[in-house]
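Below you'll find the structure, written out as structure tokens, and then a few comments.
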Amino acid sequence: MNNPFFKITKGADQLRVGSLTVDLDPDCERLFIMDRTSGLILLYADKPLGNVFKGAFNHKYTLTNNLILGIIDSNNTYECKVIDAIMLESVLVPDLNL
């Protein structure tokens, strides 16, 4: 089959990613996720509805604890809260519950 979409998704049922689920503080307004070794910001976003963030990231973050998660507010009422050394859960793409 010469369909390019088929070529991209072929084998996706065996593809593994790193899954992260975070129950956020109700006072949190934004969150960020950063690679602690490179300083690369992987995500900077507003808090999702329901105060629960779910995301999928590169599988390499399931092998090491190299992620930092931070939650912040907009009006500087609360201090930034940071969690260091996060290791993600390895899941198959079809089993991902986002």
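Here's the list of aspartates and glutamates a cross-link from residue 81 could span, going by alpha-carbon distance under 20 Å and ignoring same-chain residues fewer than 8 apart: 23, 25, 27, 29, 35, 46, 73. Report the relative contact order of the chain, percent, no decimals, based on alpha-carbon pairs under 8 angstrom and at least 6 residues apart. Relative contact order here is 35 percent.
When the surface is traced with a 1.4 Å probe over the full set of protein chains, residue 41 keeps roughly 90 Å² accessible.
With N the number of residues in the chain, Rg(Cα) / (2.2 N^0.38 Å) evaluates to 1.27.
The values are calculated or read from the model by the stated rules, or taken from the named source; none is laboratory data. Remember, it's a predicted structure, so these values are computed and weren't measured experimentally. Protein only, heavy atoms only, side chains kept; ligands, DNA and RNA dropped before computing areas. Shrake-Rupley method; radii C 1.70, N 1.55, O 1.52, S 1.80 Å.
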